[in-house]
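Visitor: Mind having a look at this structure? Questions to follow.
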Amino acid sequence: MDAMMDEDFQYESLEDIPEDVLYRMMQQYQDEYEGDFNFGDSQPPPFSYAGHLENCFLPTLTQGIQIITPLVLVCLTMRTVSFTGLPATIYHLLSMTAGLTALSYFFENLIIQIVALSLLGYFLLQVAHTLGATSKGPFTSVVFVSLLVAWELTIADPVEWNRIRGAQMILVMKIISLAFDLDQGVVSELPDFMAYLGYTFNIGTVIFGPWISYSSYISLLQPGDIDIRWILTSLFKYIQSLLCLLISTCVASILFIDSDQKWLDAYKDAMGFRFSHYFVSFVSECTAISSGLRTPQEGGNKYWELSVARPWHIELPRSLVQVVTNWNLPMHMWLKTYVFKTSRKFGNFAAVLLTYAASSLLHGLNFQLASVLLSLGLYSYIEHVLRQRLAITFNACILARKCKPDCQHSHKSNTPLVALTNLGFSLLAIFHLAYLGVMFNSDSEIEEQGYGMGHTLSKWSNLNYASHYVAAGTYVFYWLIK
């Protein structure tokens, strides 16, 4: 090797070395390097569950606890403070202060953008109220959607925008819903500035959500007693969130570890994404309940429960309609109340398109999310009309939504052929979910900036666009039998 070095480095630069000499040098370096380290005979170490536990489970669990525990403790404190019967203004001030502190902790200087949106929202509502406008909802919706689109296209940094997208979306949903509620008389008058800030920056919903109405926020001011079920439910949601985090990060990644089937890999990647969504959903349930929010029950009573997502209905769905409904229940209610019902006068199909367009725009100008939401909307519509036609034709309980026990169908859900048909639609829904969710598992740098068109199409191309072809075939079948 030394002799060769003497021979070859008589040249003044690499450009002067002939290609055959340079090739011999590189080949000898490679042979000597592999000989020293014996890479040619090395094998990757076998997978160890004990090592995976140490390297993934424990760090992930520790990080998850560190992230959500302070937020939950502040929410519990706010609920405890409300028992003291403080004046409403003081509670609003504490709610705003706690929320701004949490935003500053999670988003640092990016809090300025969120605060600016909140102040703009109150300014618009105040102007519309002063002018006596009766269309505050549509007005604020158009302004905020236009502003967010222009902001994202011109001055927003992709990484920063993607980081605050969730909190920003919750804030905008609160402002728009308040505007519509003022139009419809659900909220009798424009809240004062402090009450508005307490609502928009409410500690239980400001980071992870969920969306709540202004009326729900005001219900936090009602006096009450410390209920052990409140503590236990909050703790249960806390544990559920950590379990979903572990499944998303550490369990999904090792499913089918020895398989090279691309559809199994697609299901694994989509499952990891879904459980990351369940993690956020259970955290939002935990913080909301900890701060005192709960769901009204028939008869005026209340119980300590507030559902954001229902994983069981998504992992083992009856239909894609069930998936759409149970993916984010508060957002589904928001879209149904303030978009679908408002635009229904233009026709059901137009209302559905506007609903999915509103959902896409609220999530940001992300081709991946928009394409998934649009595909999911079309798939759900096709499945709904097909199953509706089949249910009428065969007088059977095979609708997209489960029939009530006293339905008029002759063939009930427990009829073998009906059960088999519903099972087939469930498997079809799981197939579509694996396809639609496959592109959400990717490089962390790409994820921070948001996924582009090329990434989405490459993932679907790898699966031969099978789901879209199946959906098209399903619609053709429906068109032939309708």
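The values are calculated or read from the model by the stated rules, or taken from the named source; none is laboratory data. Remember, predicted model here, so these are calculated numbers, not experimental data. When we count neighbours, we look across all protein chains shown, and the Cβ atoms used for this are built from the backbone with ideal geometry, even at glycine. For the accessible areas, the whole protein counts, side chains as well, though only heavy atoms, and no ligand, DNA or RNA atoms are used. Shrake-Rupley method; radii C 1.70, N 1.55, O 1.52, S 1.80 Å.
Visitor: Roughly how many percent of the accessible protein surface of segment 49-100 is carbon and sulfur, given a 1.4 Å probe and a whole-percent answer?
Guide: Carbon with sulfur: 73 percent of the solvent-accessible area.
Visitor: If you rank Asp183, Asp260, Asp269 by how much accessible surface each has, with a 1.4 Å probe, what is the order from largest down?
Guide: Most to least solvent-accessible, the answer reads Asp260, Asp183, Asp269.
Visitor: Which whole-Hz couplings ³J(HN,Hα) result when phi for each residue of segment 384-391 is put into the Karplus expression 6.51 cos²θ - 1.76 cosθ + 1.60, θ = phi - 60°, listed in order with x for Gly and Pro?
Guide: 4, 5, 5, 5, 5, 5, 5, 5
Visitor: In addition: Taking only protein heavy atoms into account and a 1.4 Å probe, give the accessible area per residue of segment 280-405 in Å².
Guide: Each residue of segment 280-405 exposes 46 Å² on average to a 1.4 Å probe.
Visitor: Same structure, new question: With N set to the residue count of segment 332-482, report its C-alpha Rg divided by 2.2 N^0.38 Å to two decimal places.
Guide: Dividing the Cα radius of gyration by 2.2 N^0.38 Å gives 1.20.
Visitor: Just the accessible area per residue of segment 111-217, please: how many Å² with a 1.4 Å probe?
Guide: Here the residues of segment 111-217 average 39 Å² of exposed surface.
Visitor: How far apart, in nm, are the 7 Å Cα→Cβ label points at Phe123 and Gln222?
Guide: 3.6 nm
Visitor: Which value, in Å² rounded to 10, gives the accessible area of Arg310 with a 1.4 Å probe and all protein chains present?
Guide: 100 Å²
Visitor: If you stretched the chain out fully between Phe57 and Ala350, how much longer would it get, using 0.36 nm times the residue separation minus the C-alpha to C-alpha distance?
Guide: Net length gain for the segment: 100.8 nm.
Visitor: Given charges of +1 on the Cβ of Lys and Arg and -1 on the Cβ of Asp and Glu, with all other atoms neutral, how large is the dipole of segment 141-254 about its Cα centre, in debye to the nearest 20?
Guide: That gives segment 141-254 a dipole magnitude of about 400 debye.
Visitor: So for the pair Lys341, Phe256, with labels modelled 7 Å out along Cα→Cβ, what separation do we get in nm?
Guide: That separation, rounded to one decimal, is 4.2 nm.
Visitor: Pull out a ≥ b ≥ c, the square roots of the eigenvalues of the alpha-carbon gyration tensor of segment 132-171, then state rounded if a/c is under 1.5, prolate if not and a/b is larger than b/c, and oblate in the remaining case.
Guide: Verdict is oblate for segment 132-171.
Visitor: With a 1.4 Å probe and every protein chain kept in, tell me what percent of the accessible surface of segment 348-422 is carbon plus sulfur.
Guide: 68 percent
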